[in-house]
1. Identify, by number, the condition in (1) more than 16 Å from ligand 2 (Cβ to nearest atom); (2) assigned to a helix (DSSP H, G or I); (3) more than 20 Å from the chain's Cα centre (by Cα) that Glu262 doesn't meet.
2. Test Gly137 against the criterion of being closer than 28 Å to Thr181 by Cα and not charged (D, E, K, R), and give yes or no.
3. Out of Asn193, Asn177, which single residue is in contact with a Cys (Cβ under 6 Å, 6 or more places away or on another chain) and either crowded, with 16+ Cβ neighbours inside 10 Å or modelled with pLDDT of 95 or more (or both)?
4. Pick out the one residue from Thr3, Thr74 that is β-branched (Val, Ile, Thr) and in a loop (DSSP other than H, G, I, E, B).
5. May I ask you to list the residues in the stretch 160-179 that are within 16 Å of ligand 1 (Cβ to nearest atom) and more than 21 Å from Gln225 (Cβ to Cβ)?
6. For the condition assigned to a loop (DSSP other than H, G, I, E, B), surrounded by 20 or more Cβ atoms within 10 Å (Cβ to Cβ) and within 16 Å of ligand 2 (Cβ to nearest atom), what is the one hit in Ala120, Ala150?
7. Only one of Ala144, Ala126 is away from ligand 1 (no atom under 13 Å from the Cβ), within 22 Å of Ala180 (Cβ to Cβ), crowded, with 24+ Cβ neighbours inside 10 Å and among the aliphatic types (A, V, I, L, M); which?
8. Mind listing whichever residues of the stretch 291-323 are farther than 19 Å from Glu25 by Cα and surrounded by 14 or more Cβ atoms within 10 Å (Cβ to Cβ)?
Amino acid sequence: MQTYTVTSQLALEIYKSLVRCRKFEEKIVELYPEQQIKCPTHLSLGQEGVAAGVCAALTNGDKIFSTHRCHSHTVAKGANFKPLMAELYGKVTGCCRGKGGSMHFLAPEVGAMGASAIVAGSIPLAVGAALAAQMKGEKTVSVAFFGDGAVEQGPFHESLNFSALKKLPILFICENNGLATCTPISKRQAHGNISKRAEGYGLPGIKVDGNNVIEVWNAASGAAQRAKNGEGPTLIEALCYRWKEHVGPNYDHHLGFRTKEEVETNIKKCPIQRFLDTALEKNWFTLETAKKIEDAIQNELNAAVVFAKESPFPKEEEIFAGV
Ligand SMILES: Cc1ncc(C[n+]2csc(CCOP(=O)(O)OP(=O)(O)O)c2C)c(N)n1
Ligand SMILES: [Mg+2]
């Protein structure tokens with residue numbers, strides 16, 4: 001695999017992206033108990049390295065498609081906080097005019113084309129976008145984000161087969177957090193080696209450490225280059241860890257399928273802290289710059305919360321519009 005060079009500018013962009021993902025969801029954890037956000041929210045706290053690493057390898061014209069766990073993907077692709085936060089509050093200023101909620105984020109102006117809560121449901125949409133780009137002769141890629149649970153669904157297999165056959169410009173990004181709801185992968189698949197499945201369909205499969213943002217970015221950069229060169233799709237399996245419960249702002253070790261110690265050990269492997277340590281060590285930027293980025297993002301987020309809370313709900317007469 002080719003190794004790309006990280007510039008200071010890229011490192012700053014990645015750090016900004018990581019912190020935007022993290023702070024957006026930390027804000028949800030803080031606000032959820034107020035019970036003004038009514039929709040269920042699947043948080044990707046701990047998994048941000050995958051979203052930020054992949055999206056850093058993409059251009060604005062590249063398109064991503066996401067899942068029920070779509071916050072970080074949409075934020076990392078460059079979405080404005082305000083319509084996302086308003087969507088969580090069910091407000092008319094939300095990205096789906098308040099009717100989609102947490103599982104249906106989108107920001108088409110930056111290439112975040114939407115999310116489906118049907119497991120594996122958005123993979124074929126990404127394939128369709130890749131086919132359209134190929135037919136139009138556009139030099140863009142399409143990205144399907146999905147979880148390890150989606151690998152057990154038919155659309156995953158059909159999508160890999162068709163994309164490899166047609167050499168479509170698409171990246172299949174599996175966020176393997178080892179869980180589908182509360183069921184570990186060892187109880188669902190005879191072997192959980194997801195990147196290996198690519199071989200059977202005739203495309204490359206790469207396994208990366210999702211806590212290592214640079215490794216994710218590097219693999220995605222190579223795959224995007226390959227796709228844009230007309231060489232076809234790549235499957236990237238990024239190993240990651242979901243810190244919070246399947247859906248909601250709390251921890252879930254009391255349910256008995258994983259221990260508190262396991263969760264704590266994995267939180268210590270935080271992708272953001274790891275990236276910051278590397279960035280400081282390599283002098284990509286200073287701690288002072290990192291703090292300035294964090295403060296600016298906090299202000300942007302606070303303004304989004306005010307915007308969301310002050311925005312009106314959709315009017316009753318538009319209840320059936322756009323659904
Ligand atoms: C077709 C379908 N079956 C079942 C569900 C219920 N469901 C929602 S999320 C989920 C688990 C998905 O696991 P995974 O794909 O690994 O994503 P993760 O939640 O770990 O990010 C299930 C079974 C659904 N939404 N769609
Ligand atoms: Mg999973």
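1. (1)
2. Details: closer than 28 Å to Thr181 by Cα: no; not charged (D, E, K, R): yes.
So Gly137 does not fit the description; no.
3. Values: Asn193 fails: in contact with a Cys (Cβ under 6 Å, 6 or more places away or on another chain).
After applying the criteria, what remains is Asn177.
4. Values: Thr74 fails: in a loop (DSSP other than H, G, I, E, B).
Just a single option satisfies the conditions, and that option is Thr3.
5. First, the residues of the stretch 160-179 that are within 16 Å of ligand 1 (Cβ to nearest atom): 160, 172-179.
Once the filter is applied, which keeps residues that are within 16 Å of ligand 1 (Cβ to nearest atom) and more than 21 Å from Gln225 (Cβ to Cβ), the stretch 160-179 yields Glu175, Asn176, Asn177, Gly178, Leu179.
6. Details: Ala150 fails: assigned to a loop (DSSP other than H, G, I, E, B).
The conditions single out Ala120.
7. Working: Ala144 fails: away from ligand 1 (no atom under 13 Å from the Cβ).
After ruling out the rest, the residue left standing is Ala126.
8. So in the stretch 291-323, the residues farther than 19 Å from Glu25 by Cα come out as 292, 310-323.
Residues satisfying the conditions are Ser311, Pro314.
The values are calculated or read from the model by the stated rules, or taken from the named source; none is laboratory data. Here the structure is a predicted model, which is why all the values come from computation and not from measurement. With ideal geometry, Cβ positions are generated from the backbone for all residues, glycine too; neighbour counts draw on all protein chains shown.
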